[in-house]
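The values are calculated or read from the model by the stated rules, or taken from the named source; none is laboratory data. Please read all numbers here as calculations on a predicted model, not as lab measurements. Cβ placement follows ideal geometry from the backbone for every residue including glycine, while neighbour counts extend to all protein chains displayed. Calculation scope for accessible area: heavy atoms of the full protein, side chains included, ligands and nucleic acids excluded. Shrake-Rupley method; radii C 1.70, N 1.55, O 1.52, S 1.80 Å.
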Protein chains: 2
Amino acid sequence: MKKILIIGAGRSSSALIRYLEENARKFGWEITAGDRDLTLVQEKVAPSTCAIALDIFNEQQLNDEIQNTDIVVSMVPARFHPVIALPCLKYARSMLTASYESQEMSEMAHKAKSQGILFLNELGVDPGIDHMSAMRVINRIREEGNALLCFETFTGGLIAPESDNNPWHYKITWNPRNVVLAGQGGPARFIQEGTYKYIPYHRLFRRTEVIEIEGFGKFEGYANRDSLKYIEKYGLQDVPTVYRGTLRRPGFCRAWDVFVQLGATDDSFTLNNTEDMTYKEFINSFLYYSHEDPVKTKLYQYMHIDQDSDVREKLEWLGIFDNTKIGLKDATPAQILEHLLCKKWALEPGDKDMLVMWHKFIYKQKGQEKPTLLTSSLVVTGDDPVNTAMAKTVGLPLGIAAKMILTGQIRLEGVYIPTIKEIYEPILQELESYGIGFIEKNMEWNGE
Amino acid sequence: MKKILIIGAGRSSSALIRYLEENARKFGWEITAGDRDLTLVQEKVAPSTCAIALDIFNEQQLNDEIQNTDIVVSMVPARFHPVIALPCLKYARSMLTASYESQEMSEMAHKAKSQGILFLNELGVDPGIDHMSAMRVINRIREEGNALLCFETFTGGLIAPESDNNPWHYKITWNPRNVVLAGQGGPARFIQEGTYKYIPYHRLFRRTEVIEIEGFGKFEGYANRDSLKYIEKYGLQDVPTVYRGTLRRPGFCRAWDVFVQLGATDDSFTLNNTEDMTYKEFINSFLYYSHEDPVKTKLYQYMHIDQDSDVREKLEWLGIFDNTKIGLKDATPAQILEHLLCKKWALEPGDKDMLVMWHKFIYKQKGQEKPTLLTSSLVVTGDDPVNTAMAKTVGLPLGIAAKMILTGQIRLEGVYIPTIKEIYEPILQELESYGIGFIEKNMEWNGE
């Protein structure tokens, strides 16, 4: 009887747990799900699953649990994966994550290989399904003998139109800390028409482009981290444009940029006296001093926000000019903003989220004069605030990959991301049976 | 016979060396000056001084030299002081620096005390003379029974009017790396009318204020690092406004902000292909792609720089739109910018620099209704590109402090900055004999 250990029962784990529980019945697996917070796990698992309180910093317990399983799915925040990877290497257990492959994880490739195990990262939605679905198209274009000229890909975790009732057209469907810190940690990098481009964080949310998906309306995209590192991973060394982006509804980025400009997304220092601070005082601490102008007036003047700008409605709706006490001690600006947004952008009962992915490929067919534009889009809607589109698109590929390893369909050893056909093809096929499928459109490219 | 060891013979060491050599003749001291670059030391010392090649990472050599001296003056970059401090602790030798007291240095206080030695930091101009001259006035105001309401202080290392022949009104008179990185490393922090204020780096150069010094014209000041940490050091816990700033000539900051906005001052990552890159391509790597607009047009549009803006003249004068090859391998944006500025903003033969310091105090006298505004200003002009105002104002206080320790005038033990009367009073008095004296002006404060 094969055993699976799931570590972390946060926001995105519900679909993963359900998928593995369904398959456990079929294949006779035994599932253990652990989290620091036992109640959180208990709420999410079926009676057949063993729910445990698991502290990954309890070395003895972590070692025991990993030794006692066949495969590990780590759903903890990305920076903690190496803590779990060490005993996985020790006891030769494969591990799956939905997080970006860190330098630390990459460096374990040799050890993983020599232990005959697989560390498979970036197996969620972004990163994850984006890699798989893009590589499927890229490989097909090339197998047909065409030359790829441009690859752009955008993903957004958004709110479904029927649940969209705030002026930001956004609610929190994943780790709220990452929502606030999005775009930090080095400039966004990509290559466009053969020229390397770099956008610093404080300019990122003003360098957007508009994307329209038939039936779902318009979105705006901003550059997502370092696209350059995927050039090698995807084998795109000869492609002049490679760009990864993040989607929001139009108008979001310009308003969010106000917080970036203020310094209100900074997580590197704690503010003085946050315990007694109101949200209005929080905003005021980033503004010039005046003994006349109210905080709101100062902000609008400082940021050049006109009276008819929709940015005003967004900011005022958040309550940032209220005299409400924040109530956090020794908090960073980012922590205060997260605290506010978790309340304002919370999913309400009945709310459905929406995961949107959009790829753009431009390629030249042999003998044809004009290049072809191919777009490929995916829209997944959640069931409710727990079974979200985000949880499905993160959890299902992880679950399918776990199944494929346990059943011997994947036999790789080392550290990988799912850009390899033998990984992405069966996962994409099974995802389609869950309604997660891409719609492709082909047209002649007009050069714009 | 007492011995002095000077480590580091860079830009600001000339006046220090000369001062100590003069006093060595009088007091019979023996001076050793060491630098990685022996030629650099040899150029700067008199025949009576022993010039040596000294690598601070050669532990044996560093230990030997420190054991063989009575006092150490460290002129190396701030991050290397702890390397020198360790053997100083071991052999119980006092050490002086002109750098900000780092966390690492502060934590040596207990050990220094138990060894009976003194580590005296922030003993140059800014930090240094600013502390000394401000504390002298603050203590006098308080000794007279007055209440201090506001303390602001500004310093700038600039170019003298007679040598000012470029549109930036700026040349490099200190560490060029620090010129490019100025303002980075956490938000600027200060307190204004009782409210804590924080300015992120990407807003710093647009939050300037204008200062006029009689006979020297107008300057603009931007907030300098963390002013809050001096509240305790200066004993200003009851003062509602405490602000430290840096001075430039008007217009500098707005133009410099273009580089900040682009991301061209970033030192955290290396650009691709810098070896073959031109300055125009460097600028273009931060701009949007266009197959029509020239780089210059794109920059002006992106940064909203009007046709009649003096920012254009400043940028074009630097040659950032030229097709000149940069010629640096694997360089960060900051390194490329430094490389360019070192050429364009170099002191020419005959050039004189100018060090400007300006303090503002507002205080209330007992029984008086209206507060008093007291300003205190210092302007020092250099002799030539080697004996700069910067070198004098950094080197002389260091030299005087070294003399005071060797002659037993200072008998402190531990880690200090010169905010203590027994340190600053004799130093300020001797500085006056070198023409480094403050001019005070008193007037009724009109509340603006």
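Have a look at the DSSP beta bridges in the protein assembly as shown and tell me what percent are antiparallel, nearest 5.
60 percent
Towards the positive end of the charge dipole of the protein assembly as shown, with charges on Cβ (+1 Lys, Arg; -1 Asp, Glu), say which of B:398, A:180, B:445 has the farthest Cα.
Value: B:398.
Given the stretch B:3-121, what whole percent of its Cα pairs are spread farther than 23 Å?
Value for the stretch B:3-121 (Cα pairs over 23 Å): 24 percent.
Roughly how many percent of the accessible protein surface of the protein assembly as shown is carbon and sulfur, given a 1.4 Å probe and a whole-percent answer?
Taking all protein chains in place, the protein assembly as shown shows 45 percent carbon and sulfur surface.
Would you mind checking A:366/A:421; B:111/B:360; B:325/B:392 for any pair whose Cα atoms are more than 31 angstrom apart?
Checking Cα-Cα distances, B:111/B:360; B:325/B:392 exceed 31 Å.
For the pair residue A:434 and residue B:238, how long in nm is the line joining their label points, each one 7 Å along Cα→Cβ?
Distance between label points: 6.6 nm.
Summing -39500 (n - 2.57) over the DSSP H runs of n ≥ 4 in the protein assembly as shown and dividing by its residue number, what mean residue ellipticity at 222 nm do you reach, to the nearest 500 deg cm²/dmol?
-10000 deg cm²/dmol
What shape does the stretch B:62-125 take by its C-alpha gyration tensor, where a ≥ b ≥ c are the square roots of the eigenvalues and a/c under 1.5 counts as rounded, a/b above b/c as prolate, and the rest as oblate?
It is oblate, given that a/c is not under 1.5 and a/b is not larger than b/c.
So how far, in whole Å, is the C-alpha centre of the stretch A:394-448 from the one of the stretch A:128-180?
14 Å
Grab the Cα-Cα distance for residue B:139 and residue B:409, subtract it from 0.36 nm times how many residues apart they are, and report the gain in nm with one decimal.
Here the segment from residue B:139 to residue B:409 would lengthen by 95.1 nm.
Accessible area, 1.4 Å probe, largest first: how do A:425, A:369 sort?
Sorted by accessible area, descending: A:369, A:425.
Given an 8 Å cut-off on Cα distances and at least 6 residues of separation, report the relative contact order of chain A as a percent.
Over chain A, the number comes to 21 percent.
How high is the FRET efficiency from residue B:184 to residue A:86, r the C-beta distance, R0 60 Å, rounded to 0.05?
For residue B:184 and residue A:86, the calculated efficiency is 0.95.
Picking from B:317, B:304, B:247, whose Cα lies most toward the positive end of the charge dipole for the stretch B:218-347 (charges on Cβ: Lys, Arg +1; Asp, Glu -1)?
B:247
Shape of the stretch A:297-448 from its Cα gyration tensor (a ≥ b ≥ c, root eigenvalues): rounded if a/c is under 1.5, otherwise prolate when a/b > b/c, or oblate?
oblate
State the Cα centre-to-centre distance between the stretch B:19-37 and the stretch A:62-110 in whole Å.
Each part reduced to its Cα centre gives a spacing of 60 Å.
How large is the Kirkwood hydrodynamic radius of chain A, in angstrom, based on all distinct alpha carbon pairs?
Final number for the Kirkwood radius of chain A is 23.4 Å.
Just to confirm a number: summing +1 for Lys and Arg and -1 for Asp and Glu over residues other than residue B:100 whose beta-carbon lies under 13 angstrom from that of residue B:100, what do you get?
-1
Whole angstrom only: what separates the Cα centroid of the stretch A:195-220 from the Cα centroid of the stretch B:292-354?
Answer, in whole Å: 28.
Which value, in Å² and to the nearest 10, is the accessible area of residue B:276 when all protein chains are kept and the probe is 1.4 Å?
100 Å²
List, shortest first and in nm to one decimal, how far the label point of residue B:421 (7 Å from Cα along Cα→Cβ) is from its counterparts in the other copies.
Spacings between copies for this position, smallest first, are 8.5 nm.
If you count, for every residue in B:196-208, the Cβ atoms of partner chains within 10 Å of its Cβ, what is the mean?
5
Where does the charge balance sit around residue A:8 when Lys and Arg score +1, Asp and Glu -1, over other residues with C-beta under 9 Å from its C-beta?
Residues close to residue A:8 contribute a combined charge of 0.
Treating the beta-carbon of each Lys and Arg as +1 and of each Asp and Glu as -1, no other charges, what is the dipole magnitude of chain A about its Cα centre, to the nearest 20 debye?
Dipole size: approximately 800 debye.
Once the whole set of protein chains is in place, how much accessible area is left on residue B:29, using a 1.4 Å probe, in Å² to the nearest 10?
20 Å²
Give me the dipole magnitude in Debye, nearest 20, for the stretch B:37-82 about the Cα centre, with unit charges on the beta carbon: positive for Lys and Arg, negative for Asp and Glu.
Here the size comes out at about 180 debye.
Using a 1.4 Å probe and counting only protein heavy atoms, arrange B:441, B:392 so the residue with the most accessible area comes first.
Result of the area sort, largest leading: B:441, B:392.
For the interface of B with A, what's the total buried accessible surface in square angstrom, probe 1.4 angstrom, rounded to the nearest hundred?
Protein heavy atoms only, the B-A interface buries about 2900 Å².
To the nearest 20 debye, what charge dipole does the stretch A:3-121 have about its Cα centre, counting +1 at the Cβ of each Lys and Arg and -1 at the Cβ of each Asp and Glu?
Roughly 280 debye for the stretch A:3-121.
Take the Cβ-Cβ distance between residue B:26 and residue B:165 as r, set R0 to 45 Å, and report the resulting FRET efficiency rounded to the nearest 0.05.
Using R0 = 45 Å, I get an efficiency of 0.65.
Which of rounded, prolate or oblate describes the stretch B:68-187 when judged by the alpha-carbon gyration tensor and an a/c cut-off of 1.5?
Oblate, because a/c is 1.5 or more while a/b does not exceed b/c.
Which positions within the stretch B:252-301 get 50 Å² or more of their accessible surface covered by the other protein chains, compared to the chain by itself, with a 1.4 angstrom probe?
Correct list: B:261, B:269, B:272, B:285, B:289.
For the charge dipole of the stretch A:3-121, defined by +1 on Lys and Arg C-beta atoms and -1 on Asp and Glu C-beta atoms about the Cα centroid, which residue among A:89, A:118, A:74 has the Cα displaced farthest towards the positive pole?
A:118
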